[in-house]
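What follows is one structure encoded as structure tokens, with my remarks underneath.
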């Protein structure tokens, strides 16, 4: 028996993205694989709901483990204003499991399960997915599927692909002290561990 189609919801709010280049959004398919995309298959926009999380994701992906190494990065931070329909909400480990997706896969170092899940979600009409950050436990990321085009912050969006974006400050390094908060490859994920403990406690109590 196949999985039940995902429950999709609308999402409105502000998200953040950090880039080492001067454009915030993808129109063409991503050249590199990401957690929710295979290389050169689709455009995926990786956004974070916490302002520190985009820096954490870069630090983790570049495997920067010292303050000195992180300080060498020169990053643009973008604020993105969104109203999106058809978002799959895997924003907690509990929600993902309720939707039939394993909690561990959300933050696993091996991203293949998420990449295949993205294909399935897109087939079901999803325009994006909320999920816990693998790099900064306790925060949530929003990944949008498909191309998006930036428009000025004060503009009215006329197309579903248009997104209001503005740069916050100039290019600079990640916040001081963030390296010590990043969950690096091979490290346990505090949020996943807390979820597992809560599941075990409920089973014991039941």
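Read the figures in this text as sums done on the coordinates, not as results from a lab. This is a predicted model, so every value here is computed, not measured. A quick note on method: Cβ atoms are made from the backbone with ideal geometry, for glycine too, and the neighbour counts reach across all protein chains shown.
Take the Cα pairs of the stretch 50-95, get the Kirkwood Rh, then feed it into Stokes-Einstein at 20 °C and 1.002 mPa s and tell me D in µm²/s.
Numbers: Rh = 13.3 Å.
Value of D from the Cα-based Kirkwood radius: 161 µm²/s.
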Based on the Cβ-Cβ distance from residue 65 to residue 149, what FRET efficiency comes out when R0 is 30 Å, to the nearest 0.05?
0.25
Test of understanding: what is the full-extension gain from residue 194 to residue 119, defined as 0.36 nm times their sequence separation minus their Cα-Cα distance?
24.1 nm
So, how do all the Cα-to-Cα distances of the stretch 8-205 break down into 5 Å bins, in percent, from 0 on up?
1, 8, 15, 20, 20, 17, 11, 5, 2, 1, 0
What value does the stretch 1-88 have for Rg/Rh, both radii from Cα atoms and Rh as Kirkwood defines it?
1.03
So in the chain, what percent of DSSP beta bridges are antiparallel if you round to the nearest 5?
85
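Can you give me the relative contact order of the chain as a percent, contacts being Cα pairs under 8 Å and 6 or more apart? Intermediate results must be reported in sequence, preceding the final value.
On the way: 399 pairs, mean separation 60.2, N = 206.
Worked out over the chain, it gives 29 percent.
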In whole percent, what relative contact order does the stretch 94-173 give with Cα contacts below 8 Å and a gap of six or more residues?
16
For the stretch 138-157, list residues with backbone N below 20 Å from a point placed 7 Å from the Cα of residue 40 toward its Cβ?
146-147
Just how far, in whole angstrom, is the stretch 110-158 from the stretch 10-46 if you go by their alpha carbon centroids?
8
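Report relative contact order for the stretch 1-117 in percent, whole number only (criteria: Cα-Cα under 8 Å, sequence separation at least 6).
Values: 148 pairs, mean separation 44.4, N = 117.
Dividing the mean separation by the residue count of the stretch 1-117 yields 38 percent.
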